[in-house]
Each structure stands twice: as C-alpha cells, then as structure tokens.
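Read through the structure below, which is laid out as structure tokens, and then see the notes.
FYI, it's all coordinate maths here, none of it is from the lab. Everything numeric in this text was worked out from a predicted model, so none of it was measured. Note: ideal-geometry Cβ built from the backbone for every residue, glycine included; neighbour counts use all protein chains shown.
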Amino acid sequence: MNRKTQAGFTLVELIVVIVILGILAAVALPRFMGLEREARVAAVKSMGGTLLSASQMAHGICMAQNCANGAIITIEGTPVTFAQGYPNNASIAVLVQSTEGFAVAANLFTKSGATTNACTVRYNQAALAGGVVTPPTLTYPGNLIMNAANEAQINTNLHTNC
C-alpha cells in the first residue's frame, strides 16, 4: 500500500492566508498612518522641554557664580551669554546636546520632515519687567506661549503644522 504525503500547501490554503493578511493590513494600516506626525509633535515638545532644562541648569551656574546681566560664562568649553540670569536667545542652542532632526536658527527650532515650516518651538529669553525677572518661555505655532491654558491649542496647532 502506497501512501502519498502532502508536500505543500493547497491553493485554497494559500488564498485563505492571503485574505487574512489583507484583512489584518486593512485594519492595522490606518492605526500606523498617523504615527509619523505624532512622532514629530512629540519631538518638538521634547525639544521645548530640553530648552527649558538647559536654561534652568545654566541659570543655576549663573546664580552660583553671581553673574551680572550680559555676563559671559564658559560652560563645558562654550561661552554662554546671559540675560537676566538665563541664557540669551543667541546662546541657548549651544547648550542643547543634540539638535538632530531640527533646523536651528538662533532661538527657533524647526522639526525636519514636517509638512509646513511651522512645526517649531521658539525659546524666548528672560526679560525684566517692572523690576521683576520673567523666566524664559517657549512659543509654539500660533505665537502661543506654553502654559496650562494654552496647552490644548498648542497640541492642536502642532498636529496641524507637523
């Protein structure tokens, strides 16, 4: 008695597998389509946090050295100019360890690969108003300064511009 063993897949089995893969792709693809934009938005917001962190650390160095307005302090071999005890607009970029994926023009950081040139975060140096120092702020698309009241609108603008 000779028995034949199946040596491969039948055409029906292959068609069933292809149909299942097609269904999975149709369901999964839309979920991954928006991830690139989400990644750019997260990168811009992360850069904003990096700018504020670098500014605060430099502010601590300035306070420790009792620096005056306009002072230039060398931090890790790089001269940093201070305005009101914080890095000024021209110096903030040198304090950021990596600006990979961003085009930097002084205090404006634009995310590469964005759909518009408005996928940005801007560092605004500290100011003196009425004898009170206002710490540095971040401005996002729409000239919105990052705070709790503007966060939802900033997220909307970034999703639109990135």
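With pairing defined as another cysteine C-beta under 4.7 Å, none of the cysteines of the chain fails it.
For the chain, the membrane-span-like helix rule (DSSP H, alpha carbon extent of at least 18 Å along the helix axis, mean Kyte-Doolittle at least 0.5) picks out 11-33; this says nothing about an actual membrane. Here is how the number arises for the chain: DSSP H runs of 4 or more residues each give -39500 (n - 2.57), the sum is divided by the residue count, and the result at 222 nm is -14000 deg cm²/dmol. When the Gaussian network model of the chain links Cα atoms closer than 10 Å, the mean-square fluctuations of GLU38, GLU76, GLU13 top out at GLU13.
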